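Novice: Before anything else, here's the structure in question.
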Amino acid sequence: MYDMKRLAELVKSLEDQLVVCMRCGMCQAVCPVFSETGREADVARGKLALLDGLLKEMFKDPRGVNERLSRCLLCGSCEANCPSGVKVLDIFFKARVILTGYMGLSPVKRAIFRGMLARPEFFDRLLHSASKFQKLFLLPADDFQGLSCARFSIPGLDRRVKPLAEAAFRESTGALLPKNGSGLRAGFFVGCVIDKIYPGIGRATVKALEHNGVSVFMPGEQGCCGIPALASGDIETFLKLVRYNLERFDPRDFDFLVTACATCTSTIKKLWPRFIDSVSQKEKSLVIELGQKTMDISQFLVDRANIGLAARTGAGERKVLTYHDPCHLKKSLGIAAQPRILLGSNPAYDFREMHEADRCCGCGGSFNLQYYPISASIGRRKLEAITESGCSTVATSCPACMMQITDMLAGAGLRIEVKHAIEIYAESIDNS
């Protein structure tokens, strides 16, 4: 826990940011949680009003304040549409750090973040073992084409999940080092979900980079980007993971750092530089340099490798494809055109835009676990948009979004494939 002097300093910095909010209520129109609950406390304006008196409220009802702050997807819809330019996500993250510093972590979160996530080698071994025993807790779902999901065998957990891969991506691939040559060198930050659940995305990323003459640097050991810990206010674990990854990704070793996870991209580019006050000046410089070099894989391939739209020739039947914009990619980083160009490079598909393509799917990381009924209700709205597009495949650029969309599709019994944009592009390499 923080001492009171440090807490007071953090609260003061928070108050300085809060004065920008005009309480206009524009955030109501775009908040996916508010659209489901209709509660003012669930919208950004209501939370910011609460934080105005945080120091007093924190002593009076810290758990109540924490509960209201937790009912947020951290999707950034409010910030992206705020006419006053309020840095809402910065405020919410900082407030969670303050509350956790005052209250401390719960025993469960302490065990997850500091006992497992902050120890990447142990975390890898643990999930490797879990992949061998997960069938004890999961029941095979119906054979939905392309979904390959399962259901919990635990009563009360009525949802579909993507099981852990039998072999993690980095476990099966090992470390990759740049090849000699004059081409671009790219570091590859894999991310936990791709590594442990979607190794095919990792393989497609490496294939795409090497196909375009890019040498791939990928350390065999990597850690989480730290967003789960930061979202829970655990700044200690967050900083430990930043330092761990800095030791493995020296920005001088490559020209760009690419990721295929929208959340990892946004975290490294935006959150690492904003929450590193207590690290050394050398580490700050490395974080800033690394953030400047970090790119989403679709952005890298389109803007640096010059991937373009494929020519449509012949009259063969093409599959209909649509795309969901991850919040952390479009709203946080402004990346929307590049994934669509990447999808358009595969002539086997006809692209069809879905309604509200950039509306949050409702996952929100731990929000999905803590508030699943609200998460699923938001997800079903996304499901409607997907089905109305008439697609046979829905693509996105975030593995967490893929998990949420898969759950919604499987629960509705729909035979629609869920793929990452880089997998669609990699298919065109195989067929070229």
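Novice: Which number in (1) touching a helix residue (DSSP H, G or I) at 6+ places or on another chain (Cβ under 8 Å); (2) of a type in the set (Val, Ile, Thr); (3) at pLDDT 90 or above marks the one condition that residue 108 misses?
Specialist: Unmet for residue 108, out of (1) touching a helix residue (DSSP H, G or I) at 6+ places or on another chain (Cβ under 8 Å); (2) of a type in the set (Val, Ile, Thr); (3) at pLDDT 90 or above: (1).
Novice: If you don't mind, another one. Return yes or no: is residue 276 in contact with a strand residue (DSSP E or B) (Cβ under 7 Å, 6 or more places away or on another chain), under 26 Å from residue 400 (Cα atoms) and of a type in the set (A, V, I, L, M)?
Specialist: The answer is no for residue 276.
Novice: Give me a count of the residues in segment 367-381 that are crowded, with 20+ Cβ neighbours inside 10 Å and either of a type in the set (A, V, I, L, M) or in contact with a strand residue (DSSP E or B) (Cβ under 9 Å, 6 or more places away or on another chain) (or both).
Specialist: Residues meeting the conditions: 2.
Novice: Tell me which residues, restricted to segment 50-73, are at pLDDT 80 or above and either under 18 Å from residue 15 (Cα atoms) or surrounded by 15 or more Cβ atoms within 10 Å (Cβ to Cβ) (or both).
Specialist: Result: 65, 66, 68, 69, 70, 71, 72, 73.
Novice: Can I ask one more? Which pairs turn up if I take residues in segment 245-262 that are more than 14 Å from residue 220 (Cα to Cα) and look for partners that are among the charged types (D, E, K, R) and assigned to a loop (DSSP other than H, G, I, E, B) with beta carbon separation below 8 Å, at least 6 apart in sequence or on another chain?
Specialist: Listed by first residue and then by second, the contacts come to 256/304.
Novice: Restricting to segment 14-40, count the residues that are over 20 Å from residue 74 (Cα atoms) and either among the aromatic types (Phe, Trp, Tyr) or at pLDDT below 75 (or both).
Specialist: Counting residues in segment 14-40 that are over 20 Å from residue 74 (Cα atoms) and either among the aromatic types (Phe, Trp, Tyr) or at pLDDT below 75 (or both) gives 1.
Novice: Just one of 395, 385 is under 23 Å from residue 190 (Cβ atoms) and not acidic (Asp, Glu); which is it?
Specialist: On inspection, the qualifying residue turns out to be 395.
Novice: Right, next: With the requirement that a residue be in contact (Cβ under 8 Å) with a residue 12 or more places away in the chain and either part of a loop (DSSP other than H, G, I, E, B) or in contact with a Phe, Trp or Tyr (Cβ under 6 Å, 6 or more places away or on another chain) (or both), what does segment 265-290 give you?
Specialist: Once the filter is applied, which keeps residues that are in contact (Cβ under 8 Å) with a residue 12 or more places away in the chain and either part of a loop (DSSP other than H, G, I, E, B) or in contact with a Phe, Trp or Tyr (Cβ under 6 Å, 6 or more places away or on another chain) (or both), segment 265-290 yields 275, 276, 278, 279, 287.
Novice: Continuing with this model, one more query. Please determine whether any residue of segment 246-263 is surrounded by fewer than 20 Cβ atoms within 10 Å (Cβ to Cβ), basic (Lys, Arg), outside the structural domain of residue 335 (by TED's automatic domain parsing) and over 22 Å from residue 326 (Cα atoms).
Specialist: Yes, segment 246-263 contains at least one residue that is surrounded by fewer than 20 Cβ atoms within 10 Å (Cβ to Cβ), basic (Lys, Arg), outside the structural domain of residue 335 (by TED's automatic domain parsing) and over 22 Å from residue 326 (Cα atoms).
Novice: Output yes when any residue across segment 309-319 is outside the structural domain of residue 362 (by TED's automatic domain parsing) and in contact with a Gly (Cβ under 8 Å, 6 or more places away or on another chain), and no when none is.
Specialist: Scanning segment 309-319 turns up at least one residue that is outside the structural domain of residue 362 (by TED's automatic domain parsing) and in contact with a Gly (Cβ under 8 Å, 6 or more places away or on another chain).
Novice: Among the residues of segment 294-311, write down those that are within 25 Å of residue 400 (Cα to Cα) and touching a residue at least 60 places away in the same chain (Cβ under 8 Å).
Specialist: 294, 296, 297, 298, 300, 301
Novice: Next up: Exactly one condition in (1) closer than 26 Å to residue 70 by Cα; (2) of a type outside the set (A, V, I, L, M, F, W, C); (3) in contact with a Leu (Cβ under 7 Å, 6 or more places away or on another chain); (4) surrounded by fewer than 21 Cβ atoms within 10 Å (Cβ to Cβ) is false for residue 236; which is it?
Specialist: Evaluating residue 236 over (1) closer than 26 Å to residue 70 by Cα; (2) of a type outside the set (A, V, I, L, M, F, W, C); (3) in contact with a Leu (Cβ under 7 Å, 6 or more places away or on another chain); (4) surrounded by fewer than 21 Cβ atoms within 10 Å (Cβ to Cβ) leaves (3) as the failure.
Novice: Quick test for you: out of 354, 402, pick the one residue that is aliphatic (A, V, I, L, M), under 18 Å from residue 73 (Cα atoms) and not assigned by TED's automatic domain parsing to the domain that holds residue 43.
Specialist: 402
The values are calculated or read from the model by the stated rules, or taken from the named source; none is laboratory data. None of these values were measured; they are calculated from a predicted model. Positions of Cβ are backbone-derived with ideal geometry, glycine not excepted, and every protein chain shown enters the neighbour counts.
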